[in-house]
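A quick write-up on the structure given underneath.
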Ligand SMILES: Nc1nc2c(ncn2[C@@H]2O[C@H](COP(=O)(O)OP(=O)(O)OP(=O)(O)O)[C@@H](O)[C@H]2O)c(=O)[nH]1
Ligand SMILES: [Mg+2]
C-alpha cells in the first residue's frame, strides 16, 4: 500500500473500527477535545495566554471542570488521536498550500515526466525547506526508480519521491517517544535551548500547562537572565498557568538559578523542572561554556540532570534552523527538537532535513499560539497535515 492510501486508511478507519483493544495500544494524548474547545471559547483574542487565564484564576476546579476532567479521562484515545490529527490539519494549512498545491499544479502541467518535470519538482522540494542535499538525493533515487519500475506519469513519480522522502525519515535516528521521559524518582529536568525569538519561553509555558494538566507538579526556572524582561515574561506565564517559578535579578548567573531551581524541586518533590535559557548565539565558545556550566551545576543536585535537552527551532528559519541546530548540537547534548510556528510557515519540510542531517528526533511541534497548540510530534499526523489535509478544501 502506498503512503497516501496508508494515511487515508489509517485515519478514516479510526472513526469506525475502533475497539477497546486498539484504544489501549494508543499512546496517551493531551489535552482533550473538551479542554481545547472550552479554552477556545474562552479565548477573547488570539493572544497565547487568553485561553487559560480565566480558568486558572480559581484555585479549585469547579464541579463543571471536574466533570469535564473526568470525561477527559474517559475519552477514548482513538478520539484524541483524531483530534490530534485535526490540529495538524488546521495548523499546517499554510504549509500544505505551499507544498501540496504546487505539486498538484505541476502534476497538471505534464502528461509524462521529463527532465523539466524533475527540475520543477526539485524546486518545489527545495522551496518547501526539504534542503538541497536531501532533495537531490531523493530526486536521483526517484529517477532510478522510474526507470526500474517503468513509471512515467507525474502522479507515479510524485508518489515515489514522497515515499522516498518519508521512508528516509523513519530510517534515520532511533525512535524516541515524543512525550517527556519522566524519571522514576525525583524531579525530571528539561533544559531548553535555542536562538532568540524561536519560541522557547512560549513552548516552556505550553509544556508546563500540558504536564500540569496531567497532574504533575511543575517548576520553571527563569535562567534567561540576559534579556531584559525575560524573567517577567516567564513569571506572567507561570501566574496564568498556576505553576511555580524560580527567578533572579536580570544579569545574574543563570547557573546559580539552575542550582536554586533544582534544589527547590528536589526538596519540594516536584515532578518536572523546565529551565528557560537565553537565546543568544553570537559566540559559540560562550554558548558552550555557559551551557556546560549550567549542566555541571545541575549535576551537583541531581547527578543525571538534565534528563532532557530540547532545542527549539522556528519553522520559518528554514535552512538556517539546521545550521543553528548544528551549533547547538556541538555545544550541548540534545535529546529532542521542538519545531515552533509551523502554523505560520508555507514551508513544511524542515522536519525532514533535521532528521536527515542531525538524527535528532522532533519531539513536539507548535501549531499555533494557544496552550493546546503544542502537540507531540507524530509522523503520520504530520504527513496527513502536509499531504492530505481536509480533502474538501
Ligand atoms: N503562531 C505561533 N507563534 C508562536 C509559536 N510558538 C511561539 N510563538 C510566538 O513566537 C514569539 C516568540 O516566542 P518566545 O517564546 O518569546 O521566544 P524565545 O525563544 O523565548 O525568545 P527569547 O526569549 O528572545 O530568546 C511569541 O510571539 C510567541 O507567541 C507557535 O507555535 N505558533
Ligand atoms: Mg524567551
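Where a number appears in this text, it was derived from the coordinates with a stated rule and is not lab data. Please read these numbers as outputs of a predicted model, since none were measured by experiment. Backbone-built Cβ (ideal geometry, glycine too); neighbour counts: all protein chains shown.
Tell me, in nm to one decimal, what length is gained between residue 390 and residue 147 on full extension, where the rule is 0.36 nm per residue of separation less the Cα-Cα distance? Don't skip to the answer; put the middle values down first.
Working: separation 243, 0.36 × 243 = 87.48 nm, distance 3.33 nm.
Stretched out fully, the residue 390 to residue 147 stretch lengthens by 84.2 nm.
Given points 7 Å out from each Cα along the Cα-Cβ axis, report the residue 140 to residue 320 separation in nanometres with one decimal.
That separation, rounded to one decimal, is 2.9 nm.
If you take the C-alpha gyration tensor of the range 192-333, multiply each eigenvalue by 5 and take the square root, what semi-axes do you get, largest first, in whole Å? Walk me through the intermediate numbers first.
Details: eigenvalues 102, 61, 41 Å².
Semi-axis lengths for the range 192-333 are 23, 17, 14 Å.
Going by a ≥ b ≥ c, the root eigenvalues of the Cα gyration tensor, does the range 351-391 fall in the rounded group (a/c under 1.5), the prolate group (a/b larger than b/c) or the oblate group? Don't skip to the answer; put the middle values down first.
Working: a/c = 2.60, a/b = 1.24, b/c = 2.10.
Because a/c hits 1.5 or more and a/b fails to exceed b/c, the range 351-391 counts as oblate.
Looking at the range 234-393 only, what percent of DSSP beta bridges run antiparallel? Nearest 5 please. The partial results should precede the final answer.
On the way: 3 of 11 bridges.
So the antiparallel bridges in the range 234-393 amount to around 25 percent.
Wrap a convex hull around the Cα atoms of the range 325-389, take a quarter of its surface area, and give that in square nanometres.
On the way: hull surface 19.3 nm².
Over all viewing directions, the range 325-389 projects a mean Cα-hull area of 4.8 nm².
Using 0.36 nm per residue of separation minus the Cα-Cα distance, give me the extension gain between residue 289 and residue 196 in nm, one decimal. Could you put the intermediate results ahead of the total?
Working: separation 93, 0.36 × 93 = 33.48 nm, distance 1.78 nm.
Full extension of this stretch gives 31.7 nm more.
Restricting to Cα atoms and excluding each atom paired with itself, what does the Kirkwood estimate give for the range 244-322 in Å? The partial results should precede the final answer.
On the way: mean 1/r = 0.0714 Å⁻¹.
That comes to 14.0 Å for the range 244-322.
State the extension gain, in nm to one decimal, for the chain segment bounded by residue 185 and residue 114, taking 0.36 nm per residue of separation less the distance between their alpha-carbons. Write out the running numbers ahead of the final one.
Numbers: separation 71, 0.36 × 71 = 25.56 nm, distance 5.98 nm.
So the extension gain works out to 19.6 nm.
Ratio of the range 172-221's C-alpha Rg to 2.2 N^0.38 Å, to two decimals? Before the final figure, lay out the partial values.
Numbers: Rg = 12.5 Å, N = 50, 2.2 N^0.38 = 9.7 Å.
Taking N as the residue count of the range 172-221, the ratio is 1.29.
Given a Förster distance of 25 Å, report the FRET efficiency between residue 300 and residue 227 from their Cβ-Cβ distance, rounded to the nearest 0.05. Mind dumping the intermediate values first?
Working: r = 26 Å, r/R0 = 1.04.
For R0 = 25 Å, the calculated efficiency reads 0.45.
Using 12 Å as the cut-off for backbone N distance, which residues of the range 345-384 belong to the label zone defined by a point 7 Å from the Cα of residue 176 along Cα→Cβ?
So the set is 359-364.
If one computes the Cα centroid of the range 325-356 and of the range 209-259, what distance in Å separates the two points?
Distance between centres, Cα-based: 24 Å.
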